[in-house]
Amino acid sequence: MFYFNDHSYKVGGNELKNGDKVRVGEVISYTISVKNVGTQTIRRVSLNGEVPAGTELTSENSQSTYTIDELKANETYSRTY
């Protein structure tokens, strides 16, 4: 069992809150986390971080879908792109 833990958006290192506006050309960092809340290791977890509407993925690591080979009990995996 795993739990989608959190996601956040940042511009220039500052976290965006509801209602904040972003200017065209600003770079947004997007972080998504998942936590294994079970008691056993889980394997081959697929994590899909969808790119928000109106934005495009421009990072060097241009994928937004990841496979986590192994996630131990109580372990959290985070990915920023």
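Before moving on, here are some points about what is shown:
- In a fully extended conformation the segment linking T65 and R43 would gain 6.4 nm over its present Cα-Cα distance, using 0.36 nm per residue.
- One decimal place: the segment R23-A53 gains 9.4 nm when fully extended, by the rule 0.36 nm per residue minus the C-alpha distance.
A short reminder: the numbers here are calculations on the coordinates, not readings from a lab. For clarity, every value in this text was computed on a predicted model and none was experimentally measured.
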